Each structure stands twice: as C-alpha cells, then as structure tokens.
Amino acid sequence: MNKTVEEALETIDKMLAIPKAQMYWTAQREFEREKELNEIRDLFDDKYYRIEEITKIKDFMFIVEYENKSFKEKHFMPIVKGENPHEYFPDFNSALLGAVSIEQTGETRAGYWAAKLMGKED
C-alpha cells in the first residue's frame, strides 16, 4: 500500500487545520533537533571516531557516546555550549558531572571532586 508523494500531499490537503498544524510542528521540531545533533556531530572527525549516541541533557548541553576507531574504545564526552573540551570519560555519569562542572566553572575538574564527595573511588 505504497503512496506516491502526490497522493500523500493530497491526503494532507484534505486534513483539518489542527492535524495539519500538529504535523507541521512535529516535523519542524524534528528538523531543529537533527540540525542541533548535526552541529554536535561536526565536532568529531568521522575518520577517527564513530558516534554511537548523542544525549541532550538540556539546551546547549550534550553527552556524546563515541568509539575511537583506532583503539576500539568507547568514551563519553560532554559538549557544553557547542564546545568540545577534548576530555573524555569512561562512563555516562562521569561525563554528566563533567558537563555540569563545565557549565558552572568552565572546567571539568569540579566533576572529579564531586564524584569523590559522593564516594566514588578511583
């Protein structure tokens, strides 16, 4: 039951205004989300890294799970305000602490101390 693009457009034209608007806003949100994720992907050279997942924490804060192609190691990197700190972490929670630390202090060191205060052993 494949529809051509023209048939799909005809169906949309026949829809009521509210569902049309909902479809439009859903498509617009998805477009904006992909645009934002592509900006994060562009920070990584795909020759050396394979991005597995990008998690949006809040506006301008992301955790990128990636694999170094040379060493086959998985890492987590916080990206805050579109800047790559060139520091990676062994797990998601450590990267999250690093992201919050970058947001608050401009550096990741406070994240290490926060983890120690919470009882994390090295």
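Every read-out reported here was derived from the displayed coordinates using simple, explicitly stated rules and does not represent laboratory data. Predicted, not measured: the structure shown is a model, and the values here were computed from it. Every residue, glycine as well, gets a Cβ built from its backbone with ideal geometry; the counts of neighbours run over all protein chains shown.
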Exercise for the section: Just give me the residues in the stretch 68-122 being farther than 23 Å from residue 48 by Cα, small (Gly, Ala, Ser) and surrounded by 20 or more Cβ atoms within 10 Å (Cβ to Cβ), in sequence order. Expected result: 101, 111
Completion exercise
When (1) under 28 Å from residue 115 (Cβ atoms); (2) among the charged types (D, E, K, R); (3) surrounded by 11 or more Cβ atoms within 10 Å (Cβ to Cβ); (4) free of Cβ contacts under 8 Å to residues at least 12 places away in the same chain are applied to residue 56, the one that fails is (4)
Completion exercise
Filter the stretch 12-39 for residues that are of a type in the set (A, V, I, L, M) and touching a Lys or Arg at 6+ places or on another chain (Cβ under 9 Å); the one that is farthest from residue 59 (Cα to Cα) is 12
Practice task
Tell me which residues, restricted to the stretch 1-33, are exposed (fewer than 10 other Cβ atoms within 10 Å of the Cβ) and either under 22 Å from residue 92 (Cβ atoms) or among the small types (Gly, Ala, Ser) (or both).
Solution key: 17
Practice task
Starting from the stretch 111-122, keep only residues that are farther than 13 Å from residue 93 by Cα, then list their pairs with residues that are in a helix (DSSP H, G or I) whose Cβ atoms are within a distance under 7 Å, requiring at least 6 positions of separation or different chains.
Solution key: none
